[in-house]
Amino acid sequence: MIKCINDGNDTPEIVIETAKTPIQPQIQANEATQENPNPTLPSSTRTRNPSGKHKVGINNNWLKQYSWLYFDKDFSEDGTLVDVMLCKLCNKHQSHGSNGSQTWSTVGYKLLRKDKIQIHQDSEQHKYAITLDMAHTVDDMASNISTGAQKAVKDALKVLFFILRHHLPLDLFGSTVDLCIDVGATDLSKLCLAKNATYSSWDTVHELLEILSSKVHQLLLDDVKASPCYATMVDEVTDNRTIKHLAICTRYISKDGEVQNGFLTDIELPNTIIQPLSTAEVERIFSQVKLIKTSHRANLKTQTLTKILTVKLNCDETKFEKILDQCVTTFFKKKNRRLVNVV
């Protein structure tokens, strides 16, 4: 542009001005604002650190090498969305650093370098998170083992109840358990432990019988105490070895208003004559003694006979289901049990 300036002098001054061309703003794509369709598995972006010592950026192979590692997005100080690294275990158990730092647990680590990952893996923060996770895992396993053991013992009590109801010998318990396992009773298989440990041993059978009979006996006493009136009946019973027993029964009124008979106990009385105080219905109860103590079971002890009669005569399927869980609980509370294996 040419201007002519006349300031009153004789010679006008000519000034030439050049027009300024406006500069267009330079538009650059900001890679940090581009959204990653999979934030947990971002694309690998590795760039050289300006210092020239380490490469920085995401490497998906780290996820295979460090199972606890995962990637996420977070905002930097200037408001830019950047990739960060976090620890699954520290985030799960809220394990913080020694100075209370929440980096790796809640706040993502922004310097994407492999050596920083290794440093965190060796840190006390990460080790503490591993300890907590292992404790939770052990508790979960113990819970599963305890549940499996309870189911196994419950099924074992069902097998024992079947044997008692059908006048079968107690030494058939192990064979009956094996038969049930063969036909698909999966829970019973947990009764068989490693080496010599087993819940189908002879001692365990008697322990289960003791628990079951005591629960049934207590249930009978509770019903008798709740009855408005009751009577006690005794009679002499002779087994196959001509040994006399004093069988004691009771008659009471149940909560439903029905007259019920119950077996209390059996006492061995050799060389004794007893004046009977019983009725025909009680005689039928006492006849069970000869059905249980047969010639093949002549050495059956009186204490064991009493327990068998208690369950056989006083417990039906309804009462058995009522006390089943109580028996299982009592079995595990009596002493420290070896937990069965969970397959």
Residue check for Val183: in the same structural domain as Lys307 (by TED's automatic domain parsing), at pLDDT 85 or above and either of a type in the set (Phe, Trp, Tyr) or loosely packed, with under 13 Cβ neighbours inside 10 Å (or both): yes
Please go through segment 292-322 and pick out each residue that is outside any helix (DSSP H, G or I) and either among the β-branched types (Val, Ile, Thr) or modelled with pLDDT under 85 (or both). Lys293, Thr294, Ala298, Asn299, Leu300, Lys301
Subset of segment 222-247, residues among the hydrophobic types (A, V, I, L, M, F, W, C) and at pLDDT 85 or above, comes to Val224, Ala226, Cys229, Ala231
Run Gln150 past the list (1) at pLDDT below 85; (2) within 30 Å of Ser287 (Cα to Cα) and report the number of the one that doesn't hold. (2)
Please work out which residue is modelled with the lowest pLDDT, limiting yourself to segment 84-140 and to residues that are exposed (fewer than 15 other Cβ atoms within 10 Å of the Cβ), among the β-branched types (Val, Ile, Thr) and over 19 Å from Gly57 (Cβ atoms). Val138
Would you confirm, using the coordinates I've provided, whether Asp171 is closer than 30 Å to Thr329 by Cα, among the acidic types (Asp, Glu) and in the same structural domain as Thr186 (by TED's automatic domain parsing)? yes
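The values are calculated or read from the model by the stated rules, or taken from the named source; none is laboratory data. All values reported here derive from a predicted model rather than from experimental measurement. Heads up, the Cβs are rebuilt from the backbone with ideal geometry, glycines too, and the neighbour counts pull from every protein chain shown.
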